[in-house]
Amino acid sequence: GGLLARGSILPAGTIETTRLKDANAEDPANAVIKSIEFHPNGQLLMTSGLDKRLRFFNIDGVNNPKVQSIFLEDMPIHKAAFGIDGTHVIAAGRRKFFYSLDLLAGKVDRISGIFGREERSLESFAISAASDVVAFFGNDGHIPLVSLKSKQTIGTLKMNGTVRSGTFSAGDANELYTSGGDGCVYVWDLRMQRCRHRFIDEGSLNGTSIAASPNGQMVATGSSSGVVNLYKPSFDTIISKSGGS
């Protein structure tokens, strides 16, 4: 990250790699794995997929023992993610409901839906690492905001076109960045629940992914055209641009 930010190139040479044991070798999935994520502590790995199971592995690079497996009988999982400093997990699929798991209390809650919204699917979302907020990417550019603690809707944002991806800002997570079908990036002020800034993502026809660096110094956007842009948080300067197919 530092090398790229300074505009340097990686030195020529050989990158040494070591093939480690498969992370889920102790309990492979019986269907396509749709989502994997490391816990904030960097050692616990969660996998989930279409076999309706969440699996947790303690990654030591040698044995990678399984810690736990949770079966959600009525939902093939398309995405699962840690939230609230890794104490909770949100799991969602192509359903009108989603699951909230409290890992400390060992409690699994089925949340029937989002009040005031008739979403066909809740499979796409972004979750804040610093707060209890989940942003679901709904129909027609709507972005319902849900509190993990209260399980209630706390607001709804609306962008033009479809919303494809989003990510919370680093640190206090008071901003949400989203992109979608109109090729634009939206910067939302979550305290005021309004759009603070909107701009065209250069070279993008349809935004498909967006991510913020943990140190808050860069935001990366990707699009269906194969263009990846790196921006400063002010979004007035492109740090780097690459293209492909």
Point to revise | Residues in region 119-145 reached by a label modelled at residue 198 [backbone nitrogen below 19 Å; 7 Å Cα→Cβ] | key: 136-145
Study note, to complete from the structure: Residue-ordered couplings for region 139-147, obtained by feeding phi - 60° into the Karplus form 6.51 cos²θ - 1.76 cosθ + 1.60 and rounding to whole Hz (Gly and Pro as x), are 6, 6, x, 7, 10, x, 9, 10, 8
Exercise for review: Just need the relative contact order of region 19-100 here, percent rounded to a whole number, with Cα pairs under 8 Å and 6+ apart.
Suggested key: 24
Point to revise | Hz values of 3J(HN,Hα) by residue in region 19-29 - Karplus curve (6.51, -1.76, 1.60), Gly and Pro given as x | key: 7, 8, 5, 3, 4, 10, 4, 6, 8, x, 6
Point to revise | Probe 1.4 Å, accessible area per residue of region 117-245, Å² | key: 46
Revision key, fill the gap. Cα pairs beyond 22 Å in the chain, in percent, come to 58
Study note, to complete from the structure: In debye to the nearest 20, the charge dipole size for the chain, taken about the Cα centre with +1 at each Lys and Arg Cβ and -1 at each Asp and Glu Cβ, equals 320
**Study point:** Those trypsin sites (Lys or Arg not before Pro) in region 170-241 that DSSP places in a loop and that have at most 16 other beta carbons within 10 Å
**Key:** 191
Exercise for review: State the extension gain, in nm to one decimal, for the chain segment bounded by residue 174 and residue 140, taking 0.36 nm per residue of separation less the distance between their alpha-carbons.
Suggested key: 9.9 nm
**Study point:** Heavy-atom accessible surface of region 1-138: percent carbon and sulfur, 1.4 Å
**Key:** 51
Point to revise | Reachable lysines, given that their alpha-carbon falls under 23 Å from the alpha-carbon of residue 96 and they are not under 8 places away in the same chain | key: 34, 52, 79, 107, 149, 151, 158
Point to revise | Residue of 97, 71, 38 that the Gaussian network model of the chain assigns the largest fluctuation, springs spanning Cα pairs under 10 Å | key: 71
Check your understanding: Residue by residue through region 115-120, which ³J(HN,Hα) values in whole Hz follow from phi under the Karplus form 6.51 cos²θ - 1.76 cosθ + 1.60 (θ = phi - 60°), with glycine and proline marked x?
Key -> 4, x, 10, 10, 8, 6
Exercise for review: Starting from the eigenvalues of the Cα gyration tensor, five times each then square-rooted, give me the equivalent ellipsoid semi-axes of region 156-245, largest first, whole Å.
Suggested key: 20, 16, 10
Review point. Taking the chain as a Gaussian network, where each spring joins two C-alpha atoms under 10 Å apart, which residue of 50, 157, 20 fluctuates the most?
Key: 20
Check your understanding: Of 128, 150, 216, which is farthest along the charge dipole of region 128-221 in the positive direction, counting Lys and Arg as +1 and Asp and Glu as -1 at C-beta?
Key -> 150
Exercise for review: Take every Cα pair under 8 Å in the chain that's 6+ residues apart, average their separations, divide by the length, and report that relative contact order as a whole percent.
Suggested key: 8
Practice item. Compare 220, 25, 130 in a GNM of the chain, Cα atoms joined below 10 Å, and give the one with the largest fluctuation. Key: 25
Revision key, fill the gap. Within the under-10-Å Cβ sphere about residue 96, not counting residue 96, Lys/Arg +1 and Asp/Glu -1 give a net charge of +2
Check your understanding: What nm distance separates the two modelled labels at residue 27 and residue 118, each placed 7 Å from Cα along Cα→Cβ?
Key -> 3.9
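The values are calculated or read from the model by the stated rules, or taken from the named source; none is laboratory data. Please read these numbers as outputs of a predicted model, since none were measured by experiment. Cβ atoms come from the backbone with ideal geometry, glycine included; neighbour counts cover every protein chain shown. These accessible areas exclude ligands, DNA and RNA; they are computed on the full protein's heavy atoms, side chains included. Shrake-Rupley method; radii C 1.70, N 1.55, O 1.52, S 1.80 Å.
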